[in-house]
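One structure is given below, encoded as structure tokens.
The values are calculated or read from the model by the stated rules, or taken from the named source; none is laboratory data. If you're wondering where the values come from, they're calculated on a predicted model, not measured in any experiment. We place every Cβ from the backbone using ideal geometry, glycine too, and count neighbours over all the protein chains shown. These accessible areas exclude ligands, DNA and RNA; they are computed on the full protein's heavy atoms, side chains included. Shrake-Rupley method; radii C 1.70, N 1.55, O 1.52, S 1.80 Å.
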Amino acid sequence: MYSIKMRASKNDKHISGAETIVKREEIESTVNKFIKRALSHENGTPNFINVKIEEIRETIKYIDPLPIKTIECNNKEKAREVAKNILRNQGIKENIIEEAFKIIDKGNMRGASLLNLEGHRLEPNRDRGVRVKCISTSEELKEKILKNNIGTERTIDAIAIATKVIDLGIIAELCLSDNPTYTTGYVATGDGYYRITNLKNKGESGGRVFFVDINKGDCENIGRLIRDLENKPYIIK
Ligand code: AMP
């Protein structure tokens with residue numbers, strides 16, 4: 001199996017990225033799909049596209065997806081209250097939740113912020129963040145999500161990220177898309193993947209925050225977590 005990663009930028013500003021795991025015979029078609037995606041992103045045309053293809057040597061972990069639920073909200077205020085409640089139920093304090101929304105609303109990161117329960121950001125580079133790589137959603141799950149209207153193409157990518165990070169011990173994830181017109185965001189916890197409509201208004205930025213229970217000075221555990229988020233291969237069945 002091979003891991004394929006794509007990132008696209010314009011004058012060093014992140015435009016889009018994608019990652020998956022495929023069989024050897026699927027490499028070419030997947031690279032084509034990723035390049036097409038990079039060239040047609042709502043955020044503009046990139047002048048730099050990087051595609052990396054690597055054989056996976058580590059054992060792949062196959063796990064079931066978090067249960068997906070959709071919560072319909074008709075405005076951003078209600079949607080954010082729902083998201084905050086889910087996060088509060090995980091024991092995350094109000095000021096830390098507010099900080100997470102600030103990071104996301106500022107936008108412009110390539111990966112996710114690692115925010116601990118005291119409000120410290122643990123990612124070594126705040127522009128880059130931490131990118132979850134070596135992930136894929138199985139064909140069966142993709143079909144199930146789309147055919148049963150459980151989610152969209154974006155859910156297919158995001159469920160792989162969310163399921164992997166929760167399995168690696170992240171307490172919760174908060175995510176909003178970079179696409180200005182895609183306003184459905186989500187909160188993922190060990191209980192499920194909650195899609196929340198209207199979590200931002202059209203035209204607003206996106207981002208991701210992973211809430212972690214690791215102390216600021218605990219370099220060993222921070223390093224291990226980042227290595228696993230980036231390199232541990234997962235396929236969500
Ligand atoms: P997207 O859902 O692709 O529009 O991404 C929304 C935001 O999530 C981006 O701006 C990044 O900050 C972050 N992000 C996207 N992909 C990843 C990933 N694989 N790992 C961590 N963060 C990501």
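Okay, residues lined up against (1) under 15 Å from the mean Cα position of the chain (by Cα); (2) assigned by TED's automatic domain parsing to the domain that holds T189; (3) among the aliphatic types (A, V, I, L, M):
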| site | (1), (2), (3) |
| --- | --- |
| N116 | no, yes, no |
| P124 | no, yes, no |
| V130 | yes, yes, yes |
| K142 | no, yes, no |
| N148 | no, yes, no |
| T152 | yes, yes, no |
Exercise. Only one of (1) within 16 Å of the ligand (Cβ to nearest atom); (2) under 20 Å from I63 (Cβ atoms); (3) out of contact with any Ser or Thr (no Cβ under 8 Å at 6 or more places or on another chain); (4) open to solvent by 20 Å² or more (accessible area, probe 1.4 Å) is not met by V212, so which one is it?
Worked result: (4)
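Can you tell me which of Y182, Y194 is out of contact with any Asp or Glu (no Cβ under 8 Å at 6 or more places or on another chain) and within 23 Å of N89 (Cα to Cα)? Explain how you work it out, then say what you get.
Working: Y182 fails: within 23 Å of N89 (Cα to Cα).
Selected residue: Y194, the only one of Y182, Y194 that is out of contact with any Asp or Glu (no Cβ under 8 Å at 6 or more places or on another chain) and within 23 Å of N89 (Cα to Cα).
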Problem set entry | Positions within the range 169-194 being open to solvent by 30 Å² or more (accessible area, probe 1.4 Å), within 13 Å of the ligand (Cβ to nearest atom) and of a type outside the set (S, T, N, Q), in sequence order | D178, P180, Y182
For this session: Could you grab the pairs with beta carbons closer than 6 Å, sequence gap of 6+ or different chains, first residue in the range 125-142 and within 20 Å of G223 (Cβ to Cβ), second one β-branched (V, I, T) and surrounded by 12 or more Cβ atoms within 10 Å (Cβ to Cβ)?
Result: V130/I226; V132/I161
Seminar exercise, completed: Picked from the range 16-53 (must be aliphatic (A, V, I, L, M) and touching a residue at least 40 places away in the same chain (Cβ under 8 Å)), the residue surrounded by the fewest Cβ atoms within 10 Å (Cβ to Cβ) is I53
For this session: Name every residue in the range 111-144 that is within 12 Å of the ligand (Cβ to nearest atom), in contact with a Leu (Cβ under 7 Å, 6 or more places away or on another chain) and of a type in the set (D, E, K, R), in order of residue number.
Result: E123
